[in-house]
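Single-structure report; data block below.
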Amino acid sequence: MIETVVSSELSVDESLIIKKNRLISEKKDDNMKRICIVTGIHGDELEGQYVCYELMRIINEKIENLHGFVDIYPTLNPLGIDSVHRGMPTFDLDMNRIFPGSENGAMAEYMAAKVIDDIKGADMCIDLHASNIFLKEAPQVRISEETKEKLLPYAKLINTDFIWIYPEKKVNQSTLVYNLNKINVPTIMVEMGVGMRITKEYCFDLVNGILNLMKELGIWDGDTTVVKNPIIANNDQVTFVNSNSSGIFIPCVDHWKGIKKGDVMGEIIDVLHGEVLERVISPCNGMIFTLREYPVVYEGSLIARIVGEGF
């Protein structure tokens, strides 16, 4: 069932509309739980689009196995999705920096407030993100120290490779995830893949994980697959590798593969002079969960993130 979450008038007889698709159990029960799947906050992050499609396809084919509500919000930033723009192009805003919004505020704040109001009361919410065009991310859940006790059991069910627990001081208080957790809607953020791309194998894994989580919540009793046992790491177990030169980065390692301290990760080359400017060396043993996707780098550009030994 397609429902309008919020609508606001634009210029030239156009409207900005955020919609959701509500999938409902055939058998109604006052105790049925509700899960919300949210994506498309950033218009250049498309991995979640395929997840929404595949999840709806599976549920609709086996609707008799659904015992609750599944609210799917595929496009929270429709202007951004339409224009492949990370933010809200008309307003030059990052939508994930204006929550909880305000019903008495500007249009973007009003829409953010209506989204929060629509999700309020859900038993679970999953906010799906991709990386930007510069980096490729292994499927991962990111949760804060403050929320890990509540969210870690859910995060383990969702079939990602990695769970990153980061300190509270790094939490942005104007994100959707932060504000939903503050109103007691358990919400986890998933990040995976590359901006402006769809990585089908990641999407399939995540759909299986969402169904597994729904089964745990009593919302789904259909078939599920065995999920991965994710690496769980704190922030001090994550090492950042940055460029010391400007040029073109040519990797010689694979994403989500093990690496040893001292291994060459790639070269930064000067294409004008035909020289190697820098050999990027791994500073530690571990697994590469973030790897540079866009070849052009500048001094200080992020090349990789490694989750080190001890996880």
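The values are calculated or read from the model by the stated rules, or taken from the named source; none is laboratory data. Source: prediction; values computed, not measured. Because the Cβ atoms are built from the backbone with ideal geometry, glycine has one as well, and the counts that use them run over all protein chains shown.
Residue pairs whose Cβ atoms lie under 6 Å apart, separated by 6 or more positions or on different chains, with the first residue in the stretch 139-156 and under 23 Å from Met287 (Cβ atoms) and buried (at least 20 other Cβ atoms within 10 Å of the Cβ) and the second at pLDDT 95 or above and among the hydroxyl-bearing types (Ser, Thr, Tyr), are Pro139/Thr160; Pro139/Tyr202; Gln140/Thr160; Val141/Thr160.
Has the stretch 24-42 got any residue that is closer than 20 Å to His85 by Cβ, modelled with pLDDT under 95 and outside any helix (DSSP H, G or I)?
no
Scanning the stretch 34-47 for residues that are under 16 Å from Ile133 (Cβ atoms) and not aliphatic (A, V, I, L, M) yields His42, Gly43, Asp44, Glu45, Glu47.
Counting only residues that are touching a helix residue (DSSP H, G or I) at 6+ places or on another chain (Cβ under 6 Å) and among the small types (Gly, Ala, Ser), the stretch 88-107 holds 2 of them.
Find the residue count for the stretch 70-105, including only residues that are part of a loop (DSSP other than H, G, I, E, B), within 15 Å of Asp118 (Cα to Cα) and of a type outside the set (Gly, Ala, Ser).
Applying the first criterion (part of a loop (DSSP other than H, G, I, E, B)) to the stretch 70-105 yields 74-77, 84-87, 89-92, 94, 98-105.
From the residues that got through so far, the ones that are within 15 Å of Asp118 (Cα to Cα) too are 74-76, 99-103.
If we keep only those that are of a type outside the set (Gly, Ala, Ser) as well, we get 74-76, 99-100, 103.
Total meeting the criteria: 6.
Across the stretch 147-190, the qualifying residues are those that are among the acidic types (Asp, Glu) and modelled with pLDDT of 95 or more, and the one among them that is nearest to Asp117 (Cα to Cα) is Glu149.
Considering Gly300, Gly262, which residue is in contact with a strand residue (DSSP E or B) (Cβ under 7 Å, 6 or more places away or on another chain), over 30 Å from Asn60 (Cβ atoms), exposed (fewer than 15 other Cβ atoms within 10 Å of the Cβ) and free of Cβ contacts under 8 Å to residues at least 40 places away in the same chain?
Values: Gly300 fails: free of Cβ contacts under 8 Å to residues at least 40 places away in the same chain.
Every option except Gly262 fails the conditions.
In this structure, Ile188 does not qualify as buried (at least 19 other Cβ atoms within 10 Å of the Cβ), touching a strand residue (DSSP E or B) at 6+ places or on another chain (Cβ under 6 Å), more than 27 Å from Lys62 (Cα to Cα) and in contact (Cβ under 8 Å) with a residue 60 or more places away in the chain.
Please tell me if Ser102 is touching a strand residue (DSSP E or B) at 6+ places or on another chain (Cβ under 6 Å), assigned by TED's automatic domain parsing to the domain that holds Lys170 and hydroxyl-bearing (Ser, Thr, Tyr).
On the way: touching a strand residue (DSSP E or B) at 6+ places or on another chain (Cβ under 6 Å): no; assigned by TED's automatic domain parsing to the domain that holds Lys170: yes; hydroxyl-bearing (Ser, Thr, Tyr): yes.
No: the conditions fail for Ser102.
Evaluate the stretch 290-309: report whether one residue or more is of a type in the set (Asp, Glu), within 30 Å of Asp123 (Cα to Cα) and in contact with a helix residue (DSSP H, G or I) (Cβ under 9 Å, 6 or more places away or on another chain). No, because not a single residue in the stretch 290-309 is of a type in the set (Asp, Glu), within 30 Å of Asp123 (Cα to Cα) and in contact with a helix residue (DSSP H, G or I) (Cβ under 9 Å, 6 or more places away or on another chain). The single condition among (1) free of Cβ contacts under 8 Å to residues at least 60 places away in the same chain; (2) in a loop (DSSP other than H, G, I, E, B); (3) among the polar types (S, T, N, Q) that Asn208 does not satisfy is (2).
Just give me the residues in the stretch 270-303 being of a type outside the set (Phe, Trp, Tyr), outside any strand (DSSP E or B) and more than 21 Å from Asp236 (Cβ to Cβ), in sequence order. Within the stretch 270-303, Val271, Leu272, His273, Gly274, Glu293, Pro295, Glu299, Gly300, Ser301 qualify.
Sort out which residues of the stretch 87-105 are free of Cβ contacts under 8 Å to residues at least 60 places away in the same chain and surrounded by 19 or more Cβ atoms within 10 Å (Cβ to Cβ), and write them in order of number.
Gly87, Met88, Met95, Gly101, listed by residue number.
Residues in the stretch 231-245 that are in contact with a Ser or Thr (Cβ under 8 Å, 6 or more places away or on another chain) and either among the hydroxyl-bearing types (Ser, Thr, Tyr) or in the same structural domain as Arg142 (by TED's automatic domain parsing) (or both): Ser243 alone.
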